[in-house]
Amino acid sequence: MISDYLEEVKPEELDQKQSPWEPTQLGSKVHFKYIGELDAESYDLAILGVGEDRSSTDNHGCGSGVNKIRQELYKLYVHFKMPRIIDLGNIRLGHSVRDTHVALKQVVSELLDKRITPIILGGGHDLTYGQFQAYENRIHDVDIVIIDEKIDLKESEEVNARSFLRHIIMHQPNYLFSANHLGHQVFYNDPKSIDMLDSLSYDVIRLGEVKKDIFEMEPILRNADMLSFDLSALKSSDVPANALTSPNGLSGEEACQLCRFAGFSNKLSSFGLYEFNPYFDQNNQGAKQASQMLWYFIEGFANRKENDYPSENDSEFIKYIVKLESSDYEIVFWKSNYSMKWWMEVPQKDHKHNKYIPCSYKDYENAMRDELPDNWMKVYTKLN
């Protein structure tokens with residue numbers, strides 16, 4: 001039972017100045033008591049703290065902040081139909097970091113089995129490895145998105161906050177399809193790290209490109225099974241609560257928008273927010289920023305549109321076929337009349353069904369100019 005891994009968090013531990021919460025505040029709508037088996041029909045989201053920072057790199061203390069984020073989150077007011085949320089408390093730390101990763105894997109795995117989306121509050125960014133391991137034997141091709149100022153591909157036998165992505169890529173059995181990375185700052189990264197992800201046909205989008213048109217990030221997040229967000233991706237003026245933040249980075253508003261995109265995605269089934277360090281925070285600004293990012297994820301989740309996925313003979317979708325004159329490729333686009341979102345259809349030679357990948361209207365415009373969409377080619381190459 002996953003309750004063996006958990007320590008309960010009580011509302012009175014979180015809300016010292018204001019008790020109880022007002023009826024329209026998020027905290028009053030969250031169920032805290034958890035005993036026995038989880039009922040898959042009762043909850044949509046589960047909040048889970050992991051105060052593990054022994055393998056955080058140069059940001060020790062980030063294991064102490066999970067309840068600080070909760071305090072700010074539960075004060076926020078709800079203006080949407082509230083998903084059913086349970087706060088499972090915090091995972092008990094293992095004797096080793098590896099033990100904590102295993103515990104996180106077990107808890108997230110059971111939540112995924114019950115179609116409950118976990119929101120993981122870290123803790124070090126290395127916890128992404130435990131989050132990823134929960135998908136083993138569940139999804140053959142897992143798509144992950146990591147948002148971070150650094151690409152964590154350092155060579156190390158131990159899984160830590162600077163090496164976990166290498167361990168994910170090298171993990172056996174291999175069930176990773178893509179590990180897309182958003183928001184890196186090139187001067188903090190070895191060119192070899194960027195080249196490695198490029199060689200694997202993953203999207204590696206630097207900070208400037210993310211900020212240039214943040215709405216182009218929506219299809220990438222719509223295609224993700226899991227999201228791992230390191231708060232060091234934000235600029236220090238917006239999130240002082242991290243030893244590694246820098247003057248440049250995502251703004252608070254941009255981070256909230258990315259979380260909202262992730263919340264909207266019917267495919268995304270786990271979200272981890274990592275590296276909040278209360279020892280560097282100023283007037284709770286970092287905790288407030290983290291809580292607002294979670295609020296936008298929950299708001300996006302509350303507005304998910306069911307069955308918004310293309311299929312043949314579906315009257316809710318318009319099919320567009322673009323024949324590229326400069327090549328033999330024919331690109332099939334699908335547009336939803338319901339959400340107005342776009343997909344590309346990628347053929348699989350040895351399969352009965354083709355693969356549909358999210359895209360934007362800009363991809364369609366580029367195809368109309370006889371430009372082969374990069375993401376279509378990357379996926380086509382992997383599949384064939």
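None of the figures in this text is laboratory data; all of them are computed from the coordinates on show. The structure displayed is predicted, hence computed values, not measured ones. Cβ: placed from backbone, ideal geometry, glycine included. Neighbour counts: every protein chain shown.
Simple spin-label model, 7 Å along Cα-to-Cβ: His353 to Met377 in nm? Distance between the two pseudo-spin positions: 2.9 nm. Ranked by the mean number of other Cβ atoms within 10 Å per residue, highest first, peptides 354-360, 121-127 order as 121-127, 354-360. Once the Cα atoms are used to define both axes, helix 97-113 deviates from the longest principal axis of the chain by about 60 degrees. Taking the helices alone, the chain has a mean residue ellipticity at 222 nm of -8000 deg cm²/dmol, built from -39,500 (n - 2.57) per DSSP H run of at least 4 residues and averaged over all its residues. Distance between the pseudo-spin-label points of Ser326 and Lys305 (7 Å out from Cα toward the beta carbon): 3.2 nm. Between Asn174 and Ser315, the distance separating the two model label sites (each 7 Å from Cα on the Cα→Cβ line) works out to 4.5 nm.
Each Lys and Arg Cβ is given +1 and each Asp and Glu Cβ -1; about its Cα centre, the chain then shows a dipole of about 460 debye. Per-peptide packing, taken as the mean over residues of other Cβ atoms within 10 Å, places 89-101, 254-266 in the sequence 254-266, 89-101 from highest down.
In terms of its C-alpha gyration tensor, segment 317-383 comes out oblate, because a/c is 1.5 or above while a/b does not outweigh b/c. Based on Cα contacts under 8 Å between residues 6+ apart, the chain shows a relative contact order of 14 percent. Which entries of Lys267/Lys305; Lys68/Lys154; Lys150/Lys235; Lys150/Lys211; Lys335/Lys382; Lys355/Lys378 have Cα-Cα distances beyond 20 Å here? Lys68/Lys154; Lys335/Lys382, as the Cα separations exceed 20 Å there.
One Cα centroid belongs to segment 44-96, the other to segment 175-232; the line between them spans 24 Å. With Cα extents along the principal axes in Å as the read-out, I listed (1) 66, 45, 38; (2) 82, 51, 34; (3) 58, 54, 46; which label goes with the value calculated from this structure? From the options (1) 66, 45, 38; (2) 82, 51, 34; (3) 58, 54, 46, the structure gives (1). Note on Ser199/Lys81: beta-carbon distance plugged into 1/(1 + (r/R0)^6) with R0 of 51 Å gives a FRET efficiency of 0.70. Applying the Karplus relation 6.51 cos²θ - 1.76 cosθ + 1.60 with θ = phi - 60° to segment 126-141 yields 3J(HN,Hα) values of 4, 4, 4, 5, x, 4, 5, 4, 5, 8, 4, 6, 10, 10, 5, 10 Hz, where x marks Gly and Pro.
Cβ-Cβ distance of Ser339 and Ser96, R₀ of 51 Å, FRET efficiency by 1/(1 + (r/R0)^6): the value works out to about 0.70.
Relative to the longest principal axis of the Cα atoms of the chain, the long axis of helix 374-383 makes an angle of roughly 90 degrees.
What the Cβ-Cβ distance of Ser64 and Met1 gives, at R0 = 22 Å and to the nearest 0.05, is a FRET efficiency of 0.20. Taking square-rooted eigenvalues a ≥ b ≥ c of the alpha carbon gyration tensor, is segment 1-160 rounded, prolate or oblate, where a/c under 1.5 means rounded and, failing that, a/b exceeding b/c means prolate? Because a/c hits 1.5 or more and a/b exceeds b/c, segment 1-160 counts as prolate.
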